[in-house]
Amino acid sequence: MHLLFVIDNLNTGGAQRQMVNLALGLRQRKHSIDFFCYYPENLLAGPLLDAKIPVFAYAKKGRFSPGVILALRNQIKNGQYDVVLSFLDTPNFYNIVTSHLLLKRPRIVVSERLADPPGGSGKAIFLLRQFFRFADQVVINSSHHSVNLLKKYPWLNGHTTTIYNGYDLDFFHPPSVEPDNHLLKLLCVARTEARKNGLCVIEALSILRTKYQLFPIVDWAGQKTPPYQQQMEESIASHGLQNQWNWLGQRTDIVPLLQQHDALIHASYLEGLPNAVCEALACGRPVIVSDAMDHPTLVQNGENGFLFDWRNPEKLADAIWNFSQLSVEQRHEMGMRGRLYAEKNLALTHFTDQYEHLFASLITKNNP
């Protein structure tokens, strides 16, 4: 198969990492893949180039740029692709509109990567999703969002597929020995956005100090995005938690980071399928996660981690306290149960199988 993958950039976002994972998995199976991007960030381009996957870039000149459509049209026309796959809202729009400008168009597959907020998705997203009528298939990466999407847009019935994220389980692997952290070390991997719920983590640290006399260290890795970043910094200062909090910034060394910490905290209340949690499970790290979205599917409370009510910092504090009371051996066993879940449900081979089968079925269906 000859495939084109369309994404806004190749920075460190979860959708970007998953698209790179898929491309590498399909390339190992001798499929031909090209990438098309319209922003210059390319932190994830190295593995693609090493695998001889070309990356074609167009420098977008405005919020909505007809130039992207023209450049993508030329790319699709010259490449004669069997399937064009896109991740995220704006790339999905470009994929659908551009492909339909061609007399002979490829199969169009778009992917939803983020669940709708409780209050709804807003008019812009609603309008964008009307274009899904012209896609051959819509892939959704979480069961929770799949159910909600079909309720809201019943005309999508028969045109959606749910595919969980996939990970290279040789790359994401447990540490050879458990970290010897006499002081509990917890890791958060997320942008500083409101939906990632960092203020809940800060409040929980304050509760741990007063209620349990527990003083864990929290390291936060991820892109800083104001104004929520400022709110978090102000909260850390007001609670006097500066000595328990470290900002790590954007990082690509996620595996060693996970291996050096006792557990991952993920307090988000709005996700598709979170890479941070899945990667922690693959690395044999216990996870302490909110009870939102598909998290209760990923995490069995008390087995491979702990769930808590994302609205209640005290519940998070209690979960951290319960985890802190486990012995090193119990933490290891908890992490290995998470690894077993990843092996059964989150392997890159399974992820690649599902997309490969989907692409093949679409090509066969439209080319009898």
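Please enumerate the residues belonging to the range 68-96 that are among the β-branched types (V, I, T), out of contact with any strand residue (DSSP E or B) (no Cβ under 7 Å at 6 or more places or on another chain) and either under 14 Å from F56 (Cα atoms) or at pLDDT 95 or above (or both).
V68, I69
For A115, work out the one condition from (1) under 22 Å from Q354 (Cβ atoms); (2) assigned to a helix (DSSP H, G or I) it doesn't fulfil.
Unmet condition: (2).
Does any residue in the range 232-257 that is touching a residue at least 40 places away in the same chain (Cβ under 8 Å) come within less than 6 Å, Cβ to Cβ, of a residue that is surrounded by fewer than 17 Cβ atoms within 10 Å (Cβ to Cβ) and not charged (D, E, K, R) six or more places away or on a different chain, and which pairs are these?
Pairs found: Q250/Q223.
List, please: which pairs have Cβ atoms under 7 Å, are six or more places apart or on different chains, and start with a residue in the range 287-316 that is in contact (Cβ under 8 Å) with a residue 40 or more places away in the chain and of a type in the set (F, W, Y) and end with one that is in a loop (DSSP other than H, G, I, E, B) and crowded, with 21+ Cβ neighbours inside 10 Å?
W310/N197; W310/A267; W310/A292
Looking only at the range 240-250, how many residues end up being under 13 Å from K185 (Cα atoms) and either part of a loop (DSSP other than H, G, I, E, B) or of a type in the set (D, E, K, R) (or both)?
Number satisfying all stated conditions: 0.
Looking at (1) under 20 Å from the mean Cα position of the chain (by Cα); (2) hydroxyl-bearing (S, T, Y); (3) over 30 Å from F126 (Cα atoms), which is the one condition that is false for S176?
(1)
From I202, I207, I140, grab the single residue that is in contact with a strand residue (DSSP E or B) (Cβ under 9 Å, 6 or more places away or on another chain), in the same structural domain as V277 (by TED's automatic domain parsing) and among the aliphatic types (A, V, I, L, M).
Just one listed residue meets the conditions, I202.
The values are calculated or read from the model by the stated rules, or taken from the named source; none is laboratory data. Just so you know, these numbers come straight off a predicted model, no measurement behind them. Neighbour counts run over all protein chains shown; Cβ positions are idealised from the backbone, glycine included.
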